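**Q** Got a structure for you, written out below as structure tokens; questions coming shortly.
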Amino acid sequence: MKEIKLRMFFDAHCHLRTERILSNMIPFIAVYASKVIVMPNTRPRAILTGDDVIWYRNEIQKALRGNKMPFEPLMTIEIRDNTTPQTVEEAKKAGVVAGKAYPLGVTTNSDEGLRDFFSGEITDTFQAMEDIGMLLLIHGELDGEKILVTEREKNFIPVLVKLSERFPKLKIVFEHVSTKFGVYMVEQLGENVAATITVHHLCLTLNDVIGYGIKPHNACMPIPKTFEDRDALIEAATSGNPKFFLGSDSAPHFRNKKECFVGACGIFSAPVVPALLAEIFEKEGRFNRLEAFTSANAAKFYGQPLSEEKITLVKKDWVVIEEIDGIVPFMARQKLYWEQVL
Ligand SMILES: [Zn+2]
């Protein structure tokens, strides 16, 4: 195959950021995705309420000026200990489709994450979300005493199981699943549970982060793990199972924030997302399931219409640029084999 056409993607997990990063990096997503789930962990202003969402959506629209393709940001709020049923109801009126919960301290800007997923107050909030049809997105890792970074996802699974049973109609997305066990559990749990998979977790193992020198631009949370885990993710992504869909977790950080004493976690994958997916699905002989993963499964889970617009990829070698406006993209300096026609 020399050329493929795909419906524009539904990228179910994106960090668009604010200000200069927002305006300079959004074009890299807008060329392939017509709908994105926008993560709310911006700083200094986090997205916590309907008012925050109105402000942030405006900032995104400003950054999109001149964009020719359809692009719809689907907004989310952070769910914190003090998020009330009233907050989520107001957010819903402002167009919010989902609430994102970060367990305390597991990733970038999760310093005010949830302390307890089952306190009386927060279960009232989850109940309200279930009642109004707002999705719950979870960064599924839990830190703890003597819990290695590689074990955090496994450590979180009991919380996921309990939540899915307690709120059987609450749609839950287990974000950026990174282990074979996580994939297995998502398969086993009810129809209300799905998972996003990033492109970088389909490519990397822990070896690519610390196995051959420290590679800060491959550092992300959850940390990439074993070959067995990566293969299980590839199998899930290419299976056609509607519970698994693309969430690139494209997360730009300036180079000096990655190459420093305590480097930020997060990978700016947007410039290579379509090319890498074509390569992976081609290798698996599963081109026929690519569009389900990139565009259809997430739209269905979120109850959104399928994109009518298409993008075209052609088989053509190219080398990924080393830096874009101070940000090093995923696979910088490496050769890829598919390229989007722009
Ligand atoms: Zn993320």
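**Q** Can I214 be described as within 22 Å of I234 (Cβ to Cβ), surrounded by fewer than 24 Cβ atoms within 10 Å (Cβ to Cβ) and not charged (D, E, K, R)? Spell out how you get there, then give the answer.
**A** Numbers: within 22 Å of I234 (Cβ to Cβ): no; surrounded by fewer than 24 Cβ atoms within 10 Å (Cβ to Cβ): yes; not charged (D, E, K, R): yes.
In short, no.
**Q** Could I ask something else about it? I'm trying to understand the selection: among the residues of segment 225-256, which are within 16 Å of the ligand (Cβ to nearest atom) and either within 24 Å of I324 (Cα to Cα) or among the hydroxyl-bearing types (S, T, Y) (or both)?
**A** Listed by number, the residues that qualify are L246, G247, S248, D249, S250, A251, P252, H253.
**Q** I'd like to check something: does segment 113-133 contain any residue that is part of a loop (DSSP other than H, G, I, E, B), small (G, A, S) and within 15 Å of the ligand (Cβ to nearest atom)? So that I can check it myself, show each step before the final result.
**A** Of all residues in segment 113-133, those part of a loop (DSSP other than H, G, I, E, B) come to 113, 115-119, 133.
Now restrict to residues that are small (G, A, S): 113, 119, 133.
Next, from what is left, pick out any that are within 15 Å of the ligand (Cβ to nearest atom): 113.
Yes, the conditions are met somewhere in segment 113-133.
**Q** Moving to a separate point now. Of all residues being within 16 Å of M221 (Cα to Cα) and under 19 Å from the mean Cα position of the chain (by Cα) in segment 135-148, which is surrounded by the fewest Cβ atoms within 10 Å (Cβ to Cβ)? Just the residue, please.
**A** Step one: list which residues in segment 135-148 are within 16 Å of M221 (Cα to Cα), which gives 137-144, 147-148.
Keeping just the survivors that are under 19 Å from the mean Cα position of the chain (by Cα) gives 137-142.
Working: L137: 25, I138: 23, H139: 27, G140: 30, E141: 26, L142: 21.
This residue is L142.
**Q** Residues being part of a loop (DSSP other than H, G, I, E, B) and either within 22 Å of the chain's Cα centre (by Cα) or within 26 Å of A292 (Cβ to Cβ) (or both): count how many of those fall in segment 327-342.
**A** 6
**Q** Same structure, new question: For segment 178-217, which helices (runs of 4 or more DSSP H) that fit wholly inside it have 2 or more residues that are in contact (Cβ under 8 Å) with a residue 60 or more places away in the chain?
**A** Qualifying helices (runs of 4 or more DSSP H): 199-203.
**Q** Given (1) within 16 Å of the ligand (Cβ to nearest atom); (2) farther than 24 Å from E323 by Cβ, identify the lone condition not met by R65.
**A** Result: R65 fails condition (1) only.
**Q** Now, a different point. Please find, within segment 257-273, the residue that is nearest to G182 (Cα to Cα) out of those that are in contact (Cβ under 8 Å) with a residue 60 or more places away in the chain and away from the ligand (no atom under 16 Å from the Cβ). Break it down stepwise before answering.
**A** Applying the first criterion (in contact (Cβ under 8 Å) with a residue 60 or more places away in the chain) to segment 257-273 yields 258, 264-273.
After this cut, where a residue has to be away from the ligand (no atom under 16 Å from the Cβ) as well, the list is 271-272.
Details: P271: 27, V272: 25 Å.
Of everything passing the filter in segment 257-273, V272 is nearest to G182 (Cα to Cα).
**Q** Still on this structure: Does segment 76-88 contain at least one residue that is surrounded by 15 or more Cβ atoms within 10 Å (Cβ to Cβ), away from the ligand (no atom under 16 Å from the Cβ) and among the polar types (S, T, N, Q)? Show your work before the answer.
**A** Going residue by residue through segment 76-88, those that are surrounded by 15 or more Cβ atoms within 10 Å (Cβ to Cβ) are 76-80, 83, 85, 87-88.
Narrowing the set further to residues that are away from the ligand (no atom under 16 Å from the Cβ) leaves 80, 83, 85, 87-88.
The next check asks that each one be among the polar types (S, T, N, Q); those that pass are 83, 87.
For segment 76-88, residues surrounded by 15 or more Cβ atoms within 10 Å (Cβ to Cβ), away from the ligand (no atom under 16 Å from the Cβ) and among the polar types (S, T, N, Q): present.
**Q** Still on this structure: Return the total of residues in segment 1-30 being among the hydrophobic types (A, V, I, L, M, F, W, C), at pLDDT 95 or above and not in a strand (DSSP E or B). Spell out how you get there, then give the answer.
**A** Step one: of segment 1-30, the residues among the hydrophobic types (A, V, I, L, M, F, W, C) are 1, 4, 6, 8-10, 12, 14, 16, 21-22, 25-26, 28-30.
The next check asks that each one be at pLDDT 95 or above; those that pass are 4, 6, 8-10, 12, 14, 16, 21-22, 25-26, 28-30.
Subset that is not in a strand (DSSP E or B): 8, 16, 21-22, 25-26, 28-30.
Qualifying residue count, segment 1-30: 9.
**Q** Of the residues that sit in segment 31-44 and are touching a residue at least 12 places away in the same chain (Cβ under 8 Å) and not in a strand (DSSP E or B), which one is nearest to the ligand (Cβ to nearest atom)?
**A** Pass one, segment 31-44, residues touching a residue at least 12 places away in the same chain (Cβ under 8 Å): 31-43.
Now narrow it down to the ones that are not in a strand (DSSP E or B): 31-32, 39-43.
Values: V31: 20, Y32: 18, M39: 5, P40: 10, N41: 8, T42: 12, R43: 14 Å.
Filtering first and then ranking leaves M39.
**Q** Restricting to segment 1-30, give me the number of residues that are under 19 Å from the mean Cα position of the chain (by Cα) and either within 15 Å of the ligand (Cβ to nearest atom) or among the β-branched types (V, I, T) (or both).
**A** 12
The values are calculated or read from the model by the stated rules, or taken from the named source; none is laboratory data. The model shown is predicted, which means the values in this text are computed figures rather than measured ones. Note that we place each Cβ from the backbone using ideal geometry, even for glycine, and neighbour counts take in every protein chain shown.
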